[in-house]
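Dumping the structure here so I can ask a few things about it.
The values are calculated or read from the model by the stated rules, or taken from the named source; none is laboratory data. On a predicted model such as this, the values are computed, not experimentally measured, just so you know. Note: ideal-geometry Cβ built from the backbone for every residue, glycine included; neighbour counts use all protein chains shown.
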Amino acid sequence: MMVLTKDGDTQQMDGGTHKPRMNALGLDLGGTKLAAAIISNSQLVTEVKKIPTPKGADKIVEAVISLIADFQKDHLIAGVGIATAGVVNVETGQVIGSTGNLPGWEGTKLKQIVEERTMLPCHAENDANAAAYAEVHAAGLGDKQAVVTITLGTGIGGGLVMNGKLYRGQHWAGGEVGHLKIGMENKRMCTCGRWDCWEAYGSGSGFLRTSKEIIATIKPEQSALANKLANLTNEMVGEAADKGDPVAHKIIDIWHEHVVTGLVSLAHALDPYCFFITGGMEKFVNFETMRELFIDRSLPLIGKNVKILPATLGTDAGMIGAGSLVIDSLVTS
């Protein structure tokens, strides 16, 4: 059976379950941009619209409402899924944990506001959780006991999917894996205010700190990076490595050690089917090297069986996951 949508398209009714293939708006809310697209069957069905993230909670909310209204002009939307930075109480849809990328965002009753303003069902979710949910179901791994998605970006995010469902924890903070402690020497302060978190070493910002520490000890004849210390970027290190710079290779090798240290701890705690690696720092990952280090540092049964894989959805994962989650909530309610 087919049903007519607002934009003139038809949606298929599943003959066995009589559940419609609904359209939802998936929205990814980050510190620098808002990105949104129509999601159906866990896929993007429109182009992604992006706007800069405004400053301040009230302005962010207005931008979200405006994006929703913009899509409603051409599409029939069954609900709105929002992937946002910060810890989210999924039952109430309130942001209960702060994020440095969105000052003043904590306390925002996102679900309530969107539903009151648009009269549409809304599901608000932590962005790393939403991305993890999308990656697992895109790969057809919903039947696996545990799959972990690690986002290597400016920080480190994590999403835990168990038997196809997100594990959010008793206090909605499950998956905050970037704050695993990986050292006892109090060498690096993390953005959370604690020492030696995984994020302080394995993230993009951690990569840069490692780079600066090493380059500060060398001479220009050892590496051209020595003359770039004041304005150093991760991309400069990557480009130097591509040209065979031994110092750049050393930095990247050390960073792989840092990333694997966290993966091994998680693997020993969870024994997942696999890790998906995503985020802006994925481009620096040599998966063969990472697997070798992982095997070397894990218990044999873990090292032999746990896979480390590149994620497939890229920057669309948060939108797809958020949109899929709101559709799932409507279908099962």
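Which pairs turn up if I take residues in segment 216-241 that are more than 20 Å from Y201 (Cβ to Cβ) and not assigned by TED's automatic domain parsing to the domain that holds F284 and look for partners that are assigned to a loop (DSSP other than H, G, I, E, B) and modelled with pLDDT of 95 or more with beta carbon separation below 9 Å, at least 6 apart in sequence or on another chain?
Filtered contacts from segment 216-241: no entries.
Okay, moving on. Let me confirm something: among D127, D143, which residue is among the charged types (D, E, K, R), under 22 Å from Q43 (Cα atoms) and surrounded by 24 or more Cβ atoms within 10 Å (Cβ to Cβ)?
D127
Filter segment 146-160 for residues that are free of Cβ contacts under 8 Å to residues at least 60 places away in the same chain and either under 17 Å from D316 (Cβ atoms) or out of contact with any helix residue (DSSP H, G or I) (no Cβ under 9 Å at 6 or more places or on another chain) (or both) and give the result.
Result: G159, single match.
Any chance segment 229-250 includes a residue that's within 22 Å of V264 (Cα to Cα) and in a helix (DSSP H, G or I)?
There is at least one residue in segment 229-250 that is within 22 Å of V264 (Cα to Cα) and in a helix (DSSP H, G or I).
Do you know which residues across segment 177-213 are crowded, with 20+ Cβ neighbours inside 10 Å, not in a helix (DSSP H, G or I) and not polar (S, T, N, Q)?
C190, C197, W198 - these are the residues of segment 177-213 that are crowded, with 20+ Cβ neighbours inside 10 Å, not in a helix (DSSP H, G or I) and not polar (S, T, N, Q).
Yes/no matrix, rows are residues, columns are (1) part of a helix (DSSP H, G or I); (2) modelled with pLDDT of 95 or more; (3) under 17 Å from M319 (Cβ atoms); (4) touching a Lys or Arg at 6+ places or on another chain (Cβ under 6 Å):
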| position | (1), (2), (3), (4) |
| --- | --- |
| I39 | no, yes, yes, no |
| A63 | yes, yes, yes, no |
| G81 | no, yes, yes, no |
| G104 | no, no, no, no |
| R117 | yes, yes, no, no |
| L120 | no, yes, yes, no |
| V136 | yes, yes, yes, no |
| K144 | no, yes, no, no |
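If G238 satisfies every condition in (1) surrounded by 13 or more Cβ atoms within 10 Å (Cβ to Cβ); (2) at pLDDT below 95 but one, which is the exception?
(2)
To continue, here is another question. Specify the residue that is surrounded by the most Cβ atoms within 10 Å (Cβ to Cβ); the eligible residues are those in segment 82-106 that are β-branched (V, I, T) and in contact with a Gly (Cβ under 6 Å, 6 or more places away or on another chain).
V95
Just to be sure I understand, how many residues within segment 239-253 are under 28 Å from the mean Cα position of the chain (by Cα) and of a type outside the set (D, E, K, R)?
So the count comes out to 6.
In segment 161-201, how many are of a type in the set (G, A, S) and at negative phi?
5
Just to be sure I understand, how many residues within segment 18-37 are in a loop (DSSP other than H, G, I, E, B) and either at negative phi or surrounded by 13 or more Cβ atoms within 10 Å (Cβ to Cβ) (or both)?
7
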